Amino acid sequence: MLTISAIKADVGSVGGHTRPSSRMMEAARNHLSQAAKRGLIIDYDVTHTGDDICLLMIHNRGNDHPEIHELAWDTFKAATKIAQEEGLYGAGQDLLKDAPSGNVRGAGPGAAELTFDETAKERPAESFMIFTADKCGPGAFNFPLWAVFTSPLFCAGLMLPQMRPGFRVTVIDMEHAGADRIIELDVPERHLDLAVLLRDENRFGIKAIHSRRYPSQQVVAVSTDRLHTIAGEYKGKDDPVAIVRSQNIFPAPEELVSPYLTAHFVAGDARGSHNMPLMPAAINTAITGPYCLPIVSCVAYSLTKEGKLSEGVDVFGNPVWDATRLKAQQKADEMRRQGFVGPAMLPMQELEYSAFRKTLAELEEQFRIVEKAEPAYAKAGS
Ligand code: MG
Ligand code: MG
């Protein structure tokens, strides 16, 4: 069995929430390179999306393995140390605990992991994509995954015999602290029930998708931890990562990316408090847009049976996405023109985790109740 682990965290960035420094990236690569030399992992890659470092690790130890999670934690600690030395913003911000008990889930970093049998006949070659997004939450993947796995408008491949039996979608309640609270829905039959849940991107997120034709084959894994559920207050946005396997029994890369043409509005952005369109961007792009215009990047890889990674292809770092980028910028411009009004900002329920709640609490105290005044005509008649 081979495991793909993609673990992502913001442990400090240059000049605000832009990107990690070159030295931080180098330290992360060195850490994983040493782990590969001593045989803990087979192969790795390190990228950044905005201010988040993503550690991609291939190994054969399975999901939630303590040594793999400790390796990720130690790597983020090493990058944090450099961020502190360099005086960077938010050094170590996603490392919410001193030391996790063998698993980074619930300790701050976002983790997506997927294990599969590399010898399975239905997958003669393994290809997969890593989607990383910054300035938004795991719910940012709700719309694109729903679109591809339920609708032939976005994925004509669903009509092929391999995919016609559909998929099983595991949805998690991200507001539930502690043990995972999940529901499994089979699509296409229950695509409307799925839509009912996924429309609330702040509460419900897709955690996993499996093939129904080949039930042991998992096609999608998404990091679905929300920092405020862990910490009880706003600690930065839960910038997510998704692993999506592609081709033959699964949707093709060109289908998987088609919903990103929409540049759909997602929650997050500046101070994690606004709605802005998700712009596809090249991997290793800094966040420099107005109101932290959120970005999503995607790298496509192939994997040998021995767990060796190919070079990555930067899917959104290509001119075919220029028109979508322009559309996202125009949509962002329109939204920002209404400032804080209505859907430009998140509902109060979400802002309750941020410092906005303190301002609101102060104002709440200044409210007073006015008893209903007697109408003037009643007085005149008495
Ligand atoms: Mg940040
Ligand atoms: Mg981030």
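The values are calculated or read from the model by the stated rules, or taken from the named source; none is laboratory data. Every value quoted in this text rests on a predicted model; they were computed, and no experiment measured them. For neighbour counting, all protein chains shown are included, and Cβ atoms are generated from backbone atoms with ideal geometry for every residue, glycine included. With ligands, DNA and RNA removed, areas are computed over all heavy atoms of the protein, side chains included. Shrake-Rupley method; radii C 1.70, N 1.55, O 1.52, S 1.80 Å.
Restricting attention to region 242-275 and to residues that are hydrophobic (A, V, I, L, M, F, W, C) and at pLDDT below 95, the residue that is nearest to the chain's Cα centre (by Cα) turns out to be ALA267. Evaluating VAL11 against the criteria (1) within 16 Å of ligand 1 (Cβ to nearest atom); (2) open to solvent by 20 Å² or more (accessible area, probe 1.4 Å); (3) modelled with pLDDT of 95 or more leaves one unmet condition, (2).
Just give me the residues in region 287-307 being open to solvent by 20 Å² or more (accessible area, probe 1.4 Å), touching a Gly at 6+ places or on another chain (Cβ under 8 Å) and more than 16 Å from ligand 2 (Cβ to nearest atom), in sequence order.
Once the filter is applied, which keeps residues that are open to solvent by 20 Å² or more (accessible area, probe 1.4 Å), touching a Gly at 6+ places or on another chain (Cβ under 8 Å) and more than 16 Å from ligand 2 (Cβ to nearest atom), region 287-307 yields only ALA300.
When the criteria are applied in full, SER273 fails the requirement of being open to solvent by 30 Å² or more (accessible area, probe 1.4 Å) and in contact with a strand residue (DSSP E or B) (Cβ under 8 Å, 6 or more places away or on another chain). With respect to the conditions (1) more than 28 Å from ARG19 (Cα to Cα); (2) touching a Ser or Thr at 6+ places or on another chain (Cβ under 7 Å), THR288 falls short on a single one, namely (1). Across region 18-45, the qualifying residues are those that are hydroxyl-bearing (Ser, Thr, Tyr) and in a loop (DSSP other than H, G, I, E, B), and the one among them that is least open to solvent (accessible area, probe 1.4 Å) is SER21. Figure legend. Inter-residue proximity from region 331-355: first residues assigned to a loop (DSSP other than H, G, I, E, B), second residues open to solvent by 20 Å² or more (accessible area, probe 1.4 Å), beta-carbon distance below 6 Å, spacing 6+ or different chains. Indicated pairs: TYR353/GLU233; TYR353/TYR234; SER354/TYR234.
Conditions (1) among the acidic types (Asp, Glu); (2) touching a residue at least 40 places away in the same chain (Cβ under 8 Å), marked per residue:
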| site | (1), (2) |
| --- | --- |
| ASP10 | yes, yes |
| THR18 | no, yes |
| SER22 | no, no |
| SER33 | no, no |
| GLY39 | no, no |
| ILE42 | no, yes |
| GLY50 | no, yes |
| LEU55 | no, yes |
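Pairs are defined by a Cβ separation below 7 Å, a sequence spacing of at least 6 or placement on different chains, a first member in region 131-151 that is more than 20 Å from GLU113 (Cβ to Cβ) and open to solvent by 10 Å² or more (accessible area, probe 1.4 Å), and a second member that is assigned to a loop (DSSP other than H, G, I, E, B) and away from ligand 1 (no atom under 16 Å from the Cβ); the pairs so defined are PHE143/HIS264; THR150/PRO188. When ILE53, ILE68 are checked against the criterion of being away from ligand 1 (no atom under 16 Å from the Cβ), open to solvent by less than 60 Å² (accessible area, probe 1.4 Å), within 27 Å of THR304 (Cβ to Cβ) and aliphatic (A, V, I, L, M), a single residue qualifies: ILE68.
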